[in-house]
1. Which value, in Å² and to the nearest 10, is the accessible area of LEU15 when all protein chains are kept and the probe is 1.4 Å?
2. Estimate the FRET efficiency between ILE66 and LEU34 by the formula 1/(1 + (r/R0)^6), using the beta-carbon distance for r and 25 Å for R0, to the nearest 0.05.
3. What FRET efficiency do you get for LEU15 and VAL81 if R0 is 22 Å and r is their Cβ-Cβ distance, rounded to the nearest 0.05?
4. Using the Karplus equation 6.51 cos²θ - 1.76 cosθ + 1.60 (θ = phi - 60°), what ³J(HN,Hα) coupling, rounded to whole Hz, does each residue of the stretch 12-20 give in order, writing x for Gly and Pro?
Amino acid sequence: MGIIAWIFIGLLAGLIAKALMPGKDPGGVIITMLIGIAGGLLGGWLGKVIFGVDSIDGFFDLSTWIAAIVGSVILLALYRVITGNRHSHRHA
């Protein structure tokens, strides 16, 4: 798949991850989209390394989307942990 396809999948995976993990994010929509793109790449890499599957078979392949969404959820959770702690210290 080309880089444009990965960006598109990442954007949609970021939106799906946000829907699965509702709540206020300190970064807004732009950060969520960037997390989605990075999460898509992370999910594809983790699928290949941990499970030995080629999770980037094609744009319409279910494993591609699952890997991208899982990667996005992981990065969104990490982002919330890191920025949530930093954000709460500023107001304390």
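The values are calculated or read from the model by the stated rules, or taken from the named source; none is laboratory data. Note that the structure is a prediction, hence the values are computed from the model and not measured. Glycine gets a Cβ as well: all are built from the backbone with ideal geometry, and neighbour counts include every protein chain shown. In case anyone asks, the SASA skips ligands and DNA or RNA and just uses the protein heavy atoms, side chains included. Shrake-Rupley method; radii C 1.70, N 1.55, O 1.52, S 1.80 Å.
1. Approximately 100 Å² for this residue.
2. On the way: r = 20 Å, r/R0 = 0.82.
That gives a FRET efficiency of 0.75.
3. Result of the calculation: an efficiency of 0.60.
4. 5, 5, x, 5, 5, 4, 5, 5, 6
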